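Take a look at the structure set out below.
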Amino acid sequence: MVPSDIALLIAGPILVSLLVFEANRENKVQYARRGLFRFPLALGLAIAACLGTSLLYSKVNPYVIYSYPNAVLFSLVALGFVVLFIVLAGAAWLLPTPHQTTTVLIESLIMWWIIIIIDIKGLLERRAFFFTPFLYVSTLISIVAMLLRTSRPEVHTLPGAIRLPESNGTTESSDDHVSIFARGRTRIVDMVKGWDLDLRKGVIIGTTLGTQLGLFIVLMVMKDSYFQYQQPREIMLVDAASALFLVLPLAIFMHKMHWSIPILFSLVFIGTFFFSLFIFPFTPYSPAYLEFSQIVSLDNGTNVVQVAGPRGYTENDIVPHFPSFNNSKDLHKCAESPSGLAGQPESSFCTWHGLPTPEPPIDLLTVIQYRLLGPAVTVKVTYSLECKGYGLEFGGSPQPRWEGVSRAEEVNGRVTETFKVWFSDKVPKYTARVSCVWYGLEKKHVPAYTEANLFSPSWASIGGDGEGLVTAERYIDIE
């Protein structure tokens, strides 16, 4: 929390309390309980509606947030607006109250004050609700403009504002009947007395709409950079919170709006809602991301291609178009991926015998083992300059006891790693996998990768780990 936030948290309630106290001393504030729970009820229903709709999007069509993020955001904004209008305008029509605007303003100020106190971390920059101080200041300005009306000598009663009692014709000729604030009025306060009422209403409306426009512009500019690697569900929940932040300050006007405005927002919601649910989520400008990898055996020359991507699209709409996948009869498998890719809530993968790689160099990966005295074997693994090694891997159970002994790098760039493996009396032989990434093989020289890019749809993008698309492996029996 920055010092400016602390100053706002302290100064805001003090300023409002002083103005209310002054108005109360002059008997220009009328208290009423009707309408106190309208804004909290509207807030709760709007939160439930926006969060529920965002979760529905993430379940039915999650990837739409990448291709059509504005449609999702606009649908949530329109939904939040319509819910607030139905509750607040409906309550004002059924049970009219002359101070709904003031009530909503004060309750909004309390809400922003609490959010600043909570100060949730991690959404944009270092703070979850980074724009809350601006909304807090905007609401505070509106409340001050509303309460300053009580310092006018004329008495007015306006719908949705503080009700001022009629003048009884008496004058304050004695200091006993003059408040401490009235005795100390300065020239600035005397100027405030003559402040035209329409100008004050313009300040309230202009401040609120100007702040919301600023928030909208900030969200449009910053959203892509901050949501790049997040899951669709997380982004949609953030959109729901952003939509609420955009429409909640407008709650002070809901009961005074013409019916045509909520009808327009209703039409926007209906259109964007069904669009976001049923539109195909990928485009050439926002494609489905798939990850390519290929493993080549240095023992027998066989290879296995694997492509992982969005579940449902990878195995049904992308990989079946690859000729090598259809021609691979002995290995033809698609399954759910145990770990999802970045930005994908659910991923699947397909494996098959793909197009062969170029002939690997003889010295790409060599293994030498020799038996020591006692129940131990030394294994030396040498990687060429084009290969980045992963050492020994033992599959199955039980695992042997083993350790890395040394690592040496030669002048020509070759790396040799030495391992020591111990046997037990119960297991006379272990099978180990030795592998390395073949970084010396460029993408354009990998036929299976070229095929995947050539036959994939225009709305899919095949990627990989830089130039390291191919992994070379050997299996050795240690006995």
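Nothing in this text is a laboratory measurement; each read-out follows from the coordinates by a stated rule. Computed from a predicted structure; not experimentally measured. Counting neighbours? That spans all protein chains shown, and the Cβs are built from the backbone with ideal geometry, glycine included.
Would you order Ile65, Ile235, Ile261 from fewest to most other beta-carbon atoms within 10 Å of each residue's own beta-carbon?
Ile261, Ile235, Ile65
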Within the set of other residues whose C-beta is less than 15 Å from the C-beta of Ala460, count the net charge using Lys and Arg as +1 and Asp and Glu as -1.
-3
In percent, how large is the relative contact order of the range 286-479, given Cα pairs closer than 8 Å and 6 or more residues apart?
26
The alpha-carbon pair-distance distribution computed for the range 286-479, with 10 angstrom bins and whole-percent values, is 9, 31, 29, 21, 9, 1, 0
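Considering only the other residues whose Cβ falls under 12 Å of the Cβ of Lys429, what net charge follows from Lys and Arg at +1 and Asp and Glu at -1? Before the final figure, lay out each step's value.
On the way: positive: Lys426; negative: Asp477, Glu479.
Charge balance near Lys429 sits at -1.
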Test of understanding: ordering Ser324, Ser348 by Cβ neighbours within 10 Å, fewest first, what list do you get?
Ser324, Ser348
J(HN,Hα) series, the range 45-61, from Karplus relation 6.51 cos²θ - 1.76 cosθ + 1.60, nearest Hz, glycine and proline x
5, 5, 4, 4, 5, 5, 5, x, 5, 5, 5, 5, 4, 5, 8, 8, 9
Once phi is turned into ³J(HN,Hα) by the Karplus curve 6.51 cos²θ - 1.76 cosθ + 1.60 with θ = phi - 60°, what whole-Hz value does each residue of the range 100-114 show in order, with x for glycine and proline?
5, 4, 5, 4, 5, 4, 5, 5, 5, 4, 5, 5, 5, 4, 5
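Arranged by the count of other C-beta atoms within 10 angstrom, fewest first, what order do Asp425, Asp363 take?
Exposure proxy ranking, most exposed first: Asp425, Asp363.
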Using a simple charge model, +1 on the beta-carbon of Lys and Arg, -1 on the beta-carbon of Asp and Glu, nothing else, what dipole does the range 286-479 show about its Cα centre, in debye to the nearest 20?
440
Could you state the number of Å between the C-alpha centres of the range 317-381 and the range 388-441?
17
Whole-Hz ³J(HN,Hα) from phi, Karplus 6.51 cos²θ - 1.76 cosθ + 1.60, for the range 71-81, glycine and proline x:
5, 5, 5, 5, 5, 5, 4, 4, 5, x, 5
